[in-house]
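The values are calculated or read from the model by the stated rules, or taken from the named source; none is laboratory data. Keep in mind that what you see is a predicted model, and the values were worked out from it rather than measured. Backbone-built Cβ (ideal geometry, glycine too); neighbour counts: all protein chains shown. We work out accessible area using only protein heavy atoms, side chains counted, and drop any ligands, DNA or RNA first. Shrake-Rupley method; radii C 1.70, N 1.55, O 1.52, S 1.80 Å.
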Amino acid sequence: MAIWQFYCNIISSTKNSDILSRDELISWKDIPLPGYNIDFLKCEKSWAKNIVQYGNIDETCIEFIFCKDKLDEILCKLDLRTLTKYMLDQIVEYVKNIEACFLVEDMIYPPEIQTMISVLMKSRANEFCRNPLGYIKSLK
């Protein structure tokens, strides 16, 4: 993952998040396969055979990770250097359409544009993009 990428999982909203571990939350096992024909990102060749990847790995992308031919998890990486509101709208709409939510670290967020903008604004990736040198100096 690149420092300018905001990283999150797309998780099913049908799960009881209060009693599940993080691994159980991110898993799509035993959940009907959501559509993954995404028309707002180009399908790209992935570095792994078990990953269906939309978008460039170093930019904004969504990865569908399969285990034994079953969807295991969905990763979303947002390139905050180039992310547009239009692209974020497309991603949020997709997450709504598959009845899912965003999992960022240990917090679950609904697929709402203003919520996600707020989360993105507070992220380390945004801090880096706003002031790369200042961010690197703060790591000391």
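Using the 1.4 Å probe convention, the accessible area of the chain works out to 61 Å² per residue with neighbouring protein chains retained.
Residue ranking by accessible heavy-atom surface, 1.4 Å probe, largest first, among R81, R124, R22 comes out as R124, R81, R22. Compared with the dominant Cα axis of the chain, that is its longest principal axis, helix 85-97 is turned about 20°.
Result for the chain in a Gaussian network model with C-alpha springs under 10 Å: among K49, K96, K68, the largest mean-square fluctuation is at K68. Rounded to the nearest 20 debye, the dipole size of the chain about its Cα centre is 520 debye, using +1 on the Cβ of Lys and Arg and -1 on the Cβ of Asp and Glu. Across the alpha-carbon atoms of the range 1-81, the computed radius of gyration and Dmax are 13.0, 36 angstrom. A simple rule links phi to the HN-Hα coupling: the Karplus curve 6.51 cos²θ - 1.76 cosθ + 1.60 with θ = phi - 60°, which for the range 32-46 gives x, 4, x, x, 10, 8, 9, 9, 9, 10, 6, 5, 10, 6, 8 Hz, with x for Gly and Pro.
Using a probe of 1.4 Å, the accessible surface attributed to T60 totals some 20 Å² when neighbouring protein chains are kept in position. Taking 22 Å as the straight-line reach from the Cα of K49, the lysines in range (excluding those fewer than 8 positions away in the same chain) are K29, K68, K70, K77. Our helix-only sum for the chain, with -39,500 (n - 2.57) per DSSP H run of n ≥ 4 divided by its residues, gives a mean residue ellipticity at 222 nm of -8000 deg cm²/dmol. Look at the dipole of the chain built from charges on Cβ: of I117, Y135, I62, the Cα furthest out on the positive end belongs to Y135.
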